[in-house]
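The values are calculated or read from the model by the stated rules, or taken from the named source; none is laboratory data. None of these values were measured; they are calculated from a predicted model. Cβ: placed from backbone, ideal geometry, glycine included. Neighbour counts: every protein chain shown.
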Amino acid sequence: MSEQKPTDITAPAGDTKMAEKDEGKPDIMRRIWVPGCVCSEGCGIEGEDTVSITFEIPGVKKDDIDLRVIPDGLRLEAKRDKITTFVSEYAFVCDADPEHVKADYHEGVLDVEIPLKCKDPYVDGKKIVVA
């Protein structure tokens, strides 16, 4: 009997790379980019800027979600099984407040609310006198 080769099973939005099984035989690992639905709330009101992002990551257990937020952005890695991991990254326009991020996961949907520390960029701008 001939040795079977792994099958490329990537989704259109994913990339595939080889991983090693315990027996030392190659296996396929699939990383799927997950676009989040981004909604901004309260833009323009200093101190009240919030970004809400919703990710659909079906089949993932809550304990297998690795969500990290730094002032510059967000990274999500959610492992569904030995083969499939959902991934996403976002950069923020203003600094985020990582200490006050809220995340809720229910039935394959992850909702993340990120407060931003945006100051009005025009506060120090030159005032133009209109003639």
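Couple of notes before you dig in:
- Selected residue (criterion: surrounded by the most Cβ atoms within 10 Å (Cβ to Cβ)) from residues of the range 76-90 that are over 16 Å from Val109 (Cα atoms) and under 8 Å from the mean Cα position of the chain (by Cα): Tyr90
- Residues located in the range 53-77, provided they are aliphatic (A, V, I, L, M) and in contact (Cβ under 8 Å) with a residue 40 or more places away in the chain: Ile53, Ile57, Val60, Ile65, Leu67, Val69, Leu74, Leu76
- Scanning the range 90-122 for residues that are farther than 22 Å from Asp72 by Cβ and either without any contact (Cβ under 8 Å) to a residue 12 or more places away in the chain or out of contact with any strand residue (DSSP E or B) (no Cβ under 9 Å at 6 or more places or on another chain) (or both) turns up Asp104, His106, Glu107, Tyr122.
- Any hit, the range 56-69, residues being more than 18 Å from His106 (Cα to Cα) and at pLDDT below 95: no
- Cys39 at pLDDT below 95, part of a loop (DSSP other than H, G, I, E, B) and not β-branched (Val, Ile, Thr): no
- Here Asp97, Asp81 are screened, and the one residue that is of a type in the set (D, E, K, R) and touching a Pro at 6+ places or on another chain (Cβ under 7 Å) is Asp97.
- Residue match in the range 25-36 (condition: at pLDDT below 65 and at positive phi): no
- Residue within the range 105-123 that is under 12 Å from the mean Cα position of the chain (by Cα), more than 14 Å from Cys37 (Cα to Cα) and surrounded by 16 or more Cβ atoms within 10 Å (Cβ to Cβ) present: no
- Within the range 77-131, strands (runs of 3 or more DSSP E) holding 2 or more residues that are among the hydroxyl-bearing types (Ser, Thr, Tyr): 84-91
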